[in-house]
Amino acid sequence: MASLLLPVLSSSPSPLRPPRFVSSNPRKLHSIASRGRPRASYKGLEVLYDDGCQKICELDDYFHAVAHLAQYDRGPPRWLCPLDAGPPIEDAPVMFFLPDVSGVGLGLLMHHKALGRIFELRCMHIPIHDRTPFEGLVHLLEDALRLEHSISPNKPIYLMGHSFGGCLALAVAAHNPQIDLVLILSNPATSIDKSELQPLFPVLRYWSNNEQSITLLFLLSFNINTEVKMALRSIKDGATFLQAVDRLSRNLSSTLRNQFLFETLPRDTFSWKIELLKSAASYANSHLQAVKAEVLVLASCLDSLLPSEDEAKRLQKLLGNCKVRYFKDHGHNLLLEGDVHLSTIIKSANMYRHSRKYDRISDYLPPTMTEFEILVKATRRFYEVTGPVMLSTMKDGKIVRGLSGIPNDGPVLLVGNHMYLGLDLVPLVREFLREKRIALRGIAHPFLFPDMIESSSKGKGIFDSINVYGGVPVSMRLFYRLLSEQEFVLLYPGGYREALHHKGEEYKLFWPSQPEFIRMAAQFSATIVPFGTVGEDDLIELLLSFDDVLTLPFGKDMTRFYSENLKIRDDYPSVCFPGVLPKIPGRFYYLFGKPIVTSGNDGILQDRNKVNDLYWHVKSEVERMICYLLKKRKEDYYRSIFTRSLYKAAWGSDHEVPTFEP
């Protein structure tokens, strides 16, 4: 257990002495947590950093950790600081984990490493023999919160509450509206009075064996279908059938095989826990109107213990600043199910921040290796269909395959053309992460950044992915700040007009007349990399032209509706979605031109003619590269999906498919 929890420092340490855990004194906890732990700078959190989720533990590991903790589980409630979380980044906010009614402070075990890089973790642990009432737990948490708030009054404090812990978080938030709190509530137990198991509680309470009662409830808290799906997914990821079956059997039987954990429970344990849970729910529900904190509710739709889906909807109506994420295939113990990545969910909901207000630039966290692997899996079929080819231009003008011609240091401004519906973005973002370990900060239309009050995703939906992989709404202020932070900025001057072009307008540029981005790039001596992309016409064919849409019934009303909701510029024509017809897939091609260095060009900001000349030069370079790719792709023997499929069948799916000679 010493590898999991931070022990109290002793003047006479002994390797034979059983580990002692961090005391409930928050001031002592803070001093211990900071002692001897190297702190990484915020900028030191590299792109595709290891968040530990690739080596995620299984349910059986959770029970082994609980068994180790139970050997020394005496005394009052206390705070545990996980050692396996590692040192957090500089200026990381504090997260307090509040467990379910079992009181075990290891509920975030599968998330320690991922959350430990971006938070200072404190985990509440309530020993099984402890009988502290709910009000006492509220005071314990309030003392810790107020201490942290006094140390860093301008930083938010996160409360991650699961089930019973959600009631505790709501109660404390209601008492402390002056503290900037962010509540993450996983299946909060505020709906315990509506549980379908309510009629069984009197029977279970007087059941002679506490062990059987608690084991039954623990089994009901998991969704077996989720474990089966994860076993099948592991086979797709390379595990053998026997390995998948072994993992499944160990996880499903882990509760029964670890029943010895409940054998020494006091006889009143079950009754005490039920009463504690009811008092917590009653207290939290009566104080909901006083909660002013920012709240994110994680609701399992297959929760067998609580009506969590309906409860999330109720809380969203009652709480003033509440978002909800639904998990369709998960049970009550959401945090112990392996395909849920809590850090990604928090990031995708734009709820990770260092100060009182969320900032898309300073609060941005780069994608992790786990998030990249999720992206690779999610786009695997798209890659098979499009077979992207990346070409770049070296300083001497030579065109090479790959991204070697792209500078390694920012600020860099990549300027290019959009394919229809922005289909070019997926390979672009993925390849820059894979080959260059660079997170592109794409500037996109505000339409792609809705305030997601509800979502059924796990941080993997299209709008969530835009937040996770660095997208920002179009804004001169944000553009300025990205370049000042030495970022790699992805800009499409044609914007949605190119992404929603009309029939017959493939590969045409619709750039504005004002060269604002040239001035901004020159102000920060940014390197401009023009690029062209082709291939959208190999996938789809537009069915109707813009004029055809206008002749349809309600065609004018439809285009007016789209234009008003997209808030298009006055000098742009209306937008329409004419429908598409799928085609036999071709191939996507990307060509990045020779980098254009703006540093050393002293007079460019003062000379309007120089700015205009550079603007038209960049635009002409993009047009030239589009023409080049349209011509050269005819020489690609593997342009068709059929020839690419045959090549991969012969050489292996991981082998790079050849293309034309540049």
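The values are calculated or read from the model by the stated rules, or taken from the named source; none is laboratory data. Worth saying up front: this structure is predicted, and the values here are computed from it rather than measured. Cβ sites come from the backbone with ideal geometry, for glycine too, and all protein chains shown count toward neighbours. Heavy atoms of the whole protein, side chains included, go into the accessibility calculation; ligands, DNA and RNA do not. Shrake-Rupley method; radii C 1.70, N 1.55, O 1.52, S 1.80 Å.
Residues checked against (1) at pLDDT 95 or above; (2) open to solvent by 10 Å² or more (accessible area, probe 1.4 Å); (3) not in a loop (DSSP other than H, G, I, E, B):
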{"site": "Ala169", "(1), (2), (3)": "yes, no, yes"}
{"site": "Val172", "(1), (2), (3)": "yes, no, yes"}
{"site": "Pro177", "(1), (2), (3)": "yes, yes, no"}
{"site": "Val182", "(1), (2), (3)": "yes, no, yes"}
{"site": "Leu185", "(1), (2), (3)": "yes, no, yes"}
{"site": "Asp193", "(1), (2), (3)": "no, yes, yes"}
{"site": "Glu196", "(1), (2), (3)": "no, yes, no"}
{"site": "Trp207", "(1), (2), (3)": "no, yes, no"}
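Which of the numbered conditions does Glu135 fail, given that it passes all the others? Conditions: (1) surrounded by fewer than 18 Cβ atoms within 10 Å (Cβ to Cβ); (2) more than 23 Å from Asp73 (Cβ to Cβ).
Exception for Glu135: condition (2).
For residues in region 480-490 being crowded, with 16+ Cβ neighbours inside 10 Å and within 12 Å of Leu413 (Cα to Cα), which is farthest from the chain's Cα centre (by Cα)?
Within region 480-490, the match that is farthest from the chain's Cα centre (by Cα) is Leu483.
Among the residues of region 616-662, what is the count of those that are basic (Lys, Arg) and closer than 22 Å to Leu413 by Cβ? Please lay out each step first, then the result.
Taking region 616-662 and keeping what is basic (Lys, Arg), we get 619, 624, 631-634, 639, 644, 648.
Remaining after also requiring closer than 22 Å to Leu413 by Cβ: 619, 624.
Number of matching residues: 2.
Counting only residues that are part of a loop (DSSP other than H, G, I, E, B) and not charged (D, E, K, R), how many does region 131-161 have? Walk me through it before giving the result.
Let us first name the residues in region 131-161 that are part of a loop (DSSP other than H, G, I, E, B), namely 131-133, 152-156.
Retained after the next criterion (residues that are not charged (D, E, K, R)): 132-133, 152-154, 156.
Within region 131-161, residues that are part of a loop (DSSP other than H, G, I, E, B) and not charged (D, E, K, R) number 6.
For region 510-537, name all the residues that are under 11 Å from Met419 (Cα atoms) and either surrounded by fewer than 20 Cβ atoms within 10 Å (Cβ to Cβ) or in contact with a Pro (Cβ under 6 Å, 6 or more places away or on another chain) (or both). Write out each step before concluding.
The initial filter retains those residues of region 510-537 that are under 11 Å from Met419 (Cα atoms), namely 532-537.
The one that is under 11 Å from Met419 (Cα atoms) and either surrounded by fewer than 20 Cβ atoms within 10 Å (Cβ to Cβ) or in contact with a Pro (Cβ under 6 Å, 6 or more places away or on another chain) (or both): Asp537.
Yes or no, residue by residue, for (1) farther than 29 Å from Val385 by Cβ; (2) over 24 Å from the mean Cα position of the chain (by Cα):
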position: Gly410; (1), (2): yes, yes
position: Leu425; (1), (2): no, no
position: Asp451; (1), (2): yes, no
position: Ser457; (1), (2): no, no
position: Leu478; (1), (2): yes, no
position: Tyr492; (1), (2): no, yes
position: His502; (1), (2): no, yes
position: Tyr507; (1), (2): no, yes
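What are the residues in region 262-278 that are open to solvent by 40 Å² or more (accessible area, probe 1.4 Å) and either in contact with a Gly (Cβ under 6 Å, 6 or more places away or on another chain) or of a type outside the set (D, E, K, R) (or both), if any?
Matches in region 262-278: Thr264, Trp272.
Could you look through region 644-662, keep only residues that are out of contact with any helix residue (DSSP H, G or I) (no Cβ under 7 Å at 6 or more places or on another chain) and within 15 Å of Met390 (Cα to Cα), and pick out the one that is surrounded by the fewest Cβ atoms within 10 Å (Cβ to Cβ)?
Narrowing region 644-662 to residues out of contact with any helix residue (DSSP H, G or I) (no Cβ under 7 Å at 6 or more places or on another chain): 644-654, 656, 658-659, 661-662.
Checking the rest, the ones that are also within 15 Å of Met390 (Cα to Cα) come to 656, 658-659, 661-662.
On the way: Glu656: 12, Pro658: 14, Thr659: 22, Glu661: 9, Pro662: 14.
Top of the filtered list is Glu661.
Please enumerate the residues belonging to region 279-321 that are touching a residue at least 60 places away in the same chain (Cβ under 8 Å), farther than 19 Å from Pro177 by Cα, open to solvent by 40 Å² or more (accessible area, probe 1.4 Å) and of a type in the set (D, E, K, R).
Residues satisfying the conditions are Asp310, Arg314.
Tell me, which residue of region 322-338 that is in a loop (DSSP other than H, G, I, E, B) and surrounded by fewer than 24 Cβ atoms within 10 Å (Cβ to Cβ) is modelled with the lowest pLDDT?
Gly338
Restricting to region 605-618, name every residue that is open to solvent by 30 Å² or more (accessible area, probe 1.4 Å) and in contact (Cβ under 8 Å) with a residue 40 or more places away in the chain.
Residues of region 605-618 open to solvent by 30 Å² or more (accessible area, probe 1.4 Å): 605-610, 612-613, 616-617.
Within region 605-618, Leu605, Asn612 qualify.
Out of all the residues in region 339-352, which are touching an Asp or Glu at 6+ places or on another chain (Cβ under 8 Å), open to solvent by less than 10 Å² (accessible area, probe 1.4 Å) and in a loop (DSSP other than H, G, I, E, B)?
Matches in region 339-352: Ala349, Met351, Tyr352.
Among the residues that make up region 472-491, is at least one of them modelled with pLDDT of 95 or more and closer than 30 Å to Tyr638 by Cβ?
yes
Tell me which residues, restricted to region 293-302, are touching a Gly at 6+ places or on another chain (Cβ under 7 Å) and within 26 Å of Tyr352 (Cβ to Cβ).
Ser300 - this is the single residue of region 293-302 that is touching a Gly at 6+ places or on another chain (Cβ under 7 Å) and within 26 Å of Tyr352 (Cβ to Cβ).
Quick one: what pairs do we get from region 625-643, first residue surrounded by fewer than 19 Cβ atoms within 10 Å (Cβ to Cβ), second of a type in the set (A, V, I, L, M, F, W, C) and outside any loop (DSSP other than H, G, I, E, B), C-beta under 8 Å, 6+ apart or different chains?
Close Cβ pairs satisfying both conditions: Tyr628/Leu591; Leu630/Val534; Ile641/Val385.
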